[in-house]
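Worksheet: the structure to be examined is printed underneath.
The values are calculated or read from the model by the stated rules, or taken from the named source; none is laboratory data. Bear in mind the structure is a predicted one, so any value in this text is a computation, not a measurement. So basically every Cβ, Gly included, is an ideal-geometry build from the backbone, and we count neighbours across all protein chains shown.
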Amino acid sequence: MVFKRLLGSLGVGGPSVDTVLDPGAVTPGGVLSGQVHLKGGNADFTIEHITLELVAHVEAEHHDGESEGVAVFHQHVAGGNFRLAEGEQRSVPFSFPLPWETPITELYGQGLGIALGVRTELGVAGARDKGDVDPLAVRPLPVQEAILEALGQLGFDFKSADLELGHIRGTGQQLPFYQEIELAPSPQYAHQINEIEVTFLAGPVGMEVVLEADKHGGLFAEGHDAVSRCTVSHHGVDRINWNAEVDGWIRQLVEHRASHGSHAAHGHGDHHHGGHHDEHGHRSGPGMGTAITAGAAGLAVGVVGGMVAAEAVDEIGDFFEGDEEEGDEG
């Protein structure tokens, strides 16, 4: 998607900017590239800086409810410090790696209802103008795809995904928010849990996988959450039986007998395949992500994304338009 923006702070006659991302989805930690096309106005201008911001539509929980907003989670200066002559056309290429914890927005090309974007800020004559937002598509890393595929083959169905402002205790989380992918339980576990939430915290070497189960209450007990954390490597993904691996995680999670309603830390021993398996508190909530119909045969966790993907693109401007709130820089 291309946006064209007249520099609002200078009014009619100011330079315009048109940012174009290279086609295709990017992976977390992968390189995002494209071009910023500038067109001079009716006079010469000094372009002080061209800054690209990665922005996300996030949700925050409060004691009195929830709210939504925009978080800036990375900034990249693409250029600046040059004179743009009257009517001159100039293209500024850019290329930079995404943060490893960048949320995924699609699975097998179908949208998850997550709104990420690239916003261009142009600094001219001491003024800053934030342009429209170009939607950013992020596909899973191989290990993320393998885990989601395994969950689908084990019978778990995709429900929704959202981005929660906050940090998960006991993890190496870097961004000011985390992604929750909510799954309906497989028939095998439906009598024990209401849903499972999966969070990926990727890094250069491997990834933390945080699992949270909303467990049913017993005859004399209320339901409660159980949380576990596993660490996996980016290497050797094709040598692991992921169905067996992930099923083992789920079994440990479901069978874990945490205190009712407790989010306290509980220790476990080392997990096989180079993973460490712990119990940690997980800041969580019901979430308000866009629901996606489940049950598409042959796709991991039953994602049916055509309608939702289109809605996400159509509404991404509504999420970000006019919102100048800035989150922490990644």
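Tabulated data for the structure shown
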read-out: Failed criterion for residue 53 (all others in (1) at pLDDT below 95; (2) surrounded by 21 or more Cβ atoms within 10 Å (Cβ to Cβ); (3) closer than 23 Å to residue 14 by Cβ hold); value: (1)
read-out: Residue that is at pLDDT below 95, among the hydroxyl-bearing types (Ser, Thr, Tyr) and closer than 21 Å to residue 173 by Cβ, where the choices are 259, 228; value: 228
read-out: Selection from segment 89-139 of residues that are at pLDDT below 95, over 30 Å from residue 172 (Cβ atoms) and either charged (D, E, K, R) or not assigned by TED's automatic domain parsing to the domain that holds residue 75 (or both); value: 128, 129, 130, 132
read-out: Pick from segment 184-201, criterion within 17 Å of residue 229 (Cα to Cα) and not hydroxyl-bearing (Ser, Thr, Tyr), ranking: surrounded by the fewest Cβ atoms within 10 Å (Cβ to Cβ); value: 195
read-out: Check on residue 151, under 22 Å from residue 97 (Cβ atoms), of a type outside the set (D, E, K, R) and modelled with pLDDT of 95 or more; value: no
read-out: Segment 1-45: number of residues that are in a strand (DSSP E or B), aliphatic (A, V, I, L, M) and modelled with pLDDT of 80 or more; value: 8
read-out: Contacts under 8 angstrom Cβ, first residue in segment 165-176 being in contact (Cβ under 8 Å) with a residue 40 or more places away in the chain and over 21 Å from residue 67 (Cβ atoms), partner charged (D, E, K, R) and outside any loop (DSSP other than H, G, I, E, B), 6 or more apart; value: 170/229; 170/278; 171/208; 171/229
